[in-house]
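Coordinate-derived values only; no laboratory data. Being a predicted model, the structure only gives us computed values, none of them experimental. Quick reminder, even Gly has a Cβ in these numbers, built from the backbone with ideal geometry, and neighbours come from all protein chains shown.
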Amino acid sequence: MTQAQDPQITPQTKVIGLLAEFDSPDALLAAAERVRGAGYLKTDAFSPFPIHGMDEAMGIRPTGLPWLALLVGMFGGLAGLFGELWANSIDYPIMVSGKPFFSLPATIPVSFELTILGAGVATFLGMLVLNGLPRLANPLFRKPGFLRATTDRFFLMIEATDPKFDLAPTRSLLESLQPLGVEACEADTSPSPMPKFVLPVLVLMGCMALIPPALIARARVTKSEKPRFDTFPDMDYTPGYKAQAPAPTNLFADRRASRPPVPGTVPRGSLQDDDRLYRGIDPDQQTAMRLSSQTGTMLTSTSGPAEEAAEEEEIAEEDAPDAAPDPTDPEDTADAPMAAEDDEPQPAWVTSFPLPVTRELMVRGRQRYDIYCSACHGLGGDGSGLVSRRALELEQGTWIPPLSLHVDSVLEQPVGQLYHTVTHGVRSMPGYGDQLIVEDRWAIVLYIRALQRSRNASPADVPSDLLETLRDL
Amino acid sequence: MAGTLTTTVVDNTFEDPGNRAPLVLGGQDYASLTDTICKIPERQWPSMAWFICFGISSSLTIMLFGLIGHLIFTGVGVWGNNHPVFWGWPIVNFVFWVGIGHAGTLISAILCVFRQQWRTSINRFAEAMTIFAVVCAGIFPGIHVGRVWAAYWLAPYPSTHLAMWPNFLSPLLWDVVAVSTYATISALFWYMGMIPDLATLRDRAKERWRQVVYGVLALGWTGSARHWSRYERAYILLAALATPLVLSVHSVVSFDFAGSQLPGWHTTIFPPYFVAGAVFSGFSMVITLLVPSRELFGLKDVITVRHLDNITKFILATGTMVGYAYLIEFFIAWYGGNPYERFAFINRAFGPYAWAYWTMIACNVITPQLFWFKKFRTTPWIMFVVSIFANIGMWFERFVIVITSLSRDFLPSSWAYFTPTWVDIGMFVGSFGLFFTLFLLFIRFMPMVAIAEVKAVMAHERHKSGESSHES
């Protein structure tokens with residue numbers, strides 16, 4: 001180095017190269033060719049735009065960037081292909097309309113996009129890395145004149161590390177190229193301005209960045225007793241409340257967990273506005289009775305559609321025969337030992353069937369009776385069902401035998417009351433309203449009527465053409 | 001430098017084989033060109049017009065995000081989407097914006113591969129427009145999923161929560177991958193193209209904050225010939241990669257429709273038809289933005305009438321392709337003999353949405369035919385008006401495709417007429433606000449013309465004409 005010969009250079013600074021300035025791309029191109037012809041290899045040219053032919057003039061070899069793009073692009077495409085294969089065919093096969101789990105054409109779009117993505121990102125990052133960018137501090141930026149390299153000036157630099165570099169001869173070579181000027185470029189000797197805290201902070205941040213992946217990795221290989229933490233629980237855990245239990249006030253203002261029906265509405269199928277059919281009560285007579293009872297002393301045992309409210313009462317009360325015209329009937333008291341004196345009024349039971357009496361209904365009633373009633377009441381209605389016989393054999397003393405259906409108190413009951421008994425039960429007999437639909441209950445009542453008739457029939461009840469065969473028995 | 005600007009009108013729209021028309025007019029040299037473009041972001045305060053535009057567009061942007069908040073906290077019922085039209089305006093807007101986002105990369109990539117040098121004056125501008133349009137587009141499917149906080153389920157990640165993967169057989173997932181790849185590559189391409197110009201801005205900067213911000217963004221670019229060598233190779237590689245990408249994105253978007261069984265959607269013509277429509281709408285939006293911008297910022301020497309002339313030729317070509325696609329759709333509906341398909345198309349043209357269909361035809365097919373005449377191709381205000389019509393028409397095209405097909409599905413009892421709500425309209429208008437906000441910020445702070453590339457074209461022209469130094 002012959003620094004002392006250059007007046008611009010102080011001995012403390014180290015020259016890293018000589019910079020010649022030109023005013024046109026053609027001049028720069030010519031200069032680059034000359035410099036290369038003189039045997040300099042460590043040169044660089046700076047221009048505001050790429051100059052056609054500069055690569056050849058400076059002997060810049062083609063970059064390996066395309067190979068990088070090819071490799072990473074292929075990696076992206078294969079990653080897409082095998083990722084789809086793994087995800088949809090192996091790890092979690094999704095059956096869609098019987099299509100194959102792995103269908104090559106369906107993987108094309110994603111694989112293609114990932115090929116482009118990989119190659120594109122590799123091209124961009126590869127260009128930066130191969131160029132040594134980002135490099136924010138560069139001694140060239142200290143030359144005020146060099147700032148025009150991105151506007152309208154063209155520079156040629158011969159670096160000091162070139163074996164042929166010697167300050168004076170190199171300078172004279174550059175000056176022979178008719179530049180606008182030649183300058184020496186010194187190394188940056190200013191103290192490193194990076195604050196001391198930057199490095200520890202960077203290290204700390206790097207370490208902290210490792211914490212989440214480490215926690216995720218740990219969570220994937222360990223088992224936990226605790227329920228999963230849900231960032232957004234959505235509807236994974238819906239609060240459920242007991243129908244009659246109080247609910248939080250933020251659910252409904254009245255703190256009821258379940259909602260009463262909207263006033264004036266009836267649930268589907270619950271209208272049941274035909275009292276004769278659904279309750280066995282004649283509404284017209286019931287109204288008449290109520291009107292008369294309002295003037296009299298009778299209490300309100302039942303009233304039309306609100307009859308359900310009176311049910312408890314009615315079950316407790318009992319089988320005082322219809323309307324209790326004569327409560328002193330001995331048969332009655334015998335049959336109803338638990339009933340109170342019971343001059344309680346009976347509702348206006350219907351006395352005729354509210355639905356057409358047909359042979360099909362009778363057959364149905366017999367079948368239902370045999371299933372639901374005969375176990376206690378017996379197939380003939382005598383109260384001698386299998387359950388009852390067995391219970392009496394056990395002699396436990398707690399069994400109350402079922403009533404025979406052929407006693408007067410039952411015979412006298414209107415069909416409405418029998419229907420009510422089938423529906424809600426009486427004394428120790430449970431109700432069958434939950435198990436039998438309305439029509440089947442009436443069918444059983446019809447069959448009971450038939451059974452009763454069979455014990456008290458007269459020859460006139462038998463069709464005349466069958467009378468002869470009966471006699472043969 | 002700047003004092004040498006001339007305003008003489010030079011007609012560079014002539015076609016003279018063997019005598020290339022100049023692409024930069026007004027006797028610009030490297031320094032004056034740099035000055036022309038750099039002084040726009042370097043201005044201390046932008047003009048009053050900028051502030052007014054920015055005030056309007058940023059207010060609309062705030063409205064957009066307010067409405068998105070309203071949507072998230074209330075639910076997708078605030079939209080008009082209801083059966084049978086479950087893909088309402090959000091998807092129409094998505095396809096509309098993605099389509100607009102096609103011009104930028106097409107200009108940068110495809111025209112770069114074909115060495116169309118006139119692209120250099122407009123590519124930066126168009127790329128920025130692309131990215132902002134894709135941003136607007138990305139919002140709509142994102143919020144259309146309803147439960148926005150679960151949108152990450154679209155990503156194929158090893159989930160312990162769901163213990164399953166997305167269905168890669170679904171075009172909707174292809175769409176997610178395609179649009180996000182497109183957004184990434186377009187942004188890379190845009191940024192990489194901007195590095196040399198950011199370095200120019202850095203070197204011209206006087207204020208400290210500009211030096212720091214542009215310095216960091218320019219990554220220490222010096223204009224070294226060794227860097228330029230790799231940079232140019234990288235640029236052409238990205239262009240070559242982005243070329244099929246541009247064509248694939250709207251093809252994949254069209255698969256969202258074509259992959260279904262709905263009459264009016266289930267057609268094989270969709271991918272090319274969608275791509276042609278996307279290019280058409282993208283170039284129209286370029287004209288919409290370019291004509292006022294070159295007027296306002298004094299860029300008439302860089303973005304010359306010849307550039308506009310070339311763009312309008314693209315609009316004419318793609319608009320006619322789109323018209324051809326409309327025709328073929330009808331032909332196949334008849335020729336295919338499928339009664340549902342035939343009904344769908346008769347319903348399109350003569351049903352309750354006929355007004356939308358004929359608006360689309362008038363704006364997309366008929367209006368661009370004006371560009372057969374050179375008078376219209378070289379008169380900026382006319383092409384501005386036509387481009388507005390094309391934008392309207394392309395929005396209606398998506399409206400017609402999405403709404404008419406869905407509103408008449410296979411079950412006549414569920415047929416219904418789609419009505420948007422005020423939220424639908426507000427979000428659409430708000431998306432324009434977001435687009436223009438981003439665009440105004442871009443022209444305020446970034447170089448809106450690719451200075452280095454234009455200089456290279458200038459150098460090429462000078463070299464050809466035998467000049468070796470500055471003219472005039």
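Before moving on, here are some points about what is shown:
- Our analysis of region A:144-208 gives Rg over Rh at 1.23, with the two radii drawn from alpha carbon positions and Rh computed by the Kirkwood formula.
- Unit charges on C-beta of K, R, D, E only; dipole of region B:259-391, Debye: 320
- Cβ-Cβ FRET estimate between A:Asp434 and B:Ser59, R0 fixed at 60 Å, reported to 0.05: 0.35
- Euclidean distance of C-alpha centroids, region A:399-472 and region A:20-63, integer Å: 120
- Qualifying GluC sites (Glu not before Pro) in region A:372-436, where qualification requires a DSSP coil assignment and no more than 12 other C-beta atoms within 10 Å, comprise A:Glu395.
- Partner chain coverage, peptide B:142-150 - average Cβ within 10 angstrom: 1
- Only the Cβ atoms of Lys and Arg (+1) and of Asp and Glu (-1) were treated as charged; on that basis the dipole of the protein assembly as shown about its Cα centre amounts to roughly 6820 debye.
- Unit charges on C-beta of K, R, D, E only; dipole of region B:60-211, Debye: 460
- Residue exposure sequence - B:Trp358, A:Trp349 - by fewest surrounding Cβ within 10 Å: B:Trp358, A:Trp349
- Once the Cα gyration tensor of the protein assembly as shown is diagonalised, semi-axes √(5λ) in Å: 93, 33, 25
- Rg and Dmax, both from the Cα atoms of region B:50-114 and both in Å, are 17.1, 50.
- For region B:27-146, the residue among B:His83, B:Thr130, B:Tyr30 whose Cα projects farthest onto the positive side of the dipole built from Cβ charges is B:His83.
- Average projection, convex hull of the Cα set of region B:328-457: 12.6 square nanometres.
- Kirkwood estimate for region B:176-261, i.e. one over the average of 1/r between Cα atoms, Å: 15.1
- Highest-first arrangement of B:91-103, A:370-382, A:133-145, where packing means the average Cβ count within 10 Å: B:91-103, A:370-382, A:133-145
- DSSP H segments from chain B that extend 30 Å or more along their own axis, Cα-based, with Kyte-Doolittle mean of -1.0 or above: B:48-74, B:123-144, B:171-204, B:225-258, B:270-296, B:305-335, B:422-445
- If you take the Cα centroid of region B:391-419 and the Cα centroid of region B:206-234, the two points sit 50 Å apart.
- When you work out D = kT/(6 pi eta Rh) for region B:238-322 at 20 °C and 1.002 mPa s, using the Kirkwood radius from C-alpha pairs as Rh and the Stokes-Einstein form, the result is 147 µm²/s.
- Positive-end extreme of charge dipole, region A:125-176 - chosen from A:Ala160, A:Leu130, A:Leu147 (charges on Cβ): A:Leu147
- Diagonalising the gyration tensor over the Cα atoms of chain B and scaling each eigenvalue by 5 before taking the square root yields semi-axes of 40, 26, 21 Å, largest first.
- One decimal place: the segment A:Val203-A:Ile94 gains 34.8 nm when fully extended, by the rule 0.36 nm per residue minus the C-alpha distance.
- Which of B:Tyr357, A:Val110, B:Val386, positive extreme of dipole for the protein assembly as shown (C-beta unit charges): B:Val386
- Isotropically averaged projected area of region A:97-204, using the convex hull of Cα atoms (one quarter of hull area), nm²: 15.4
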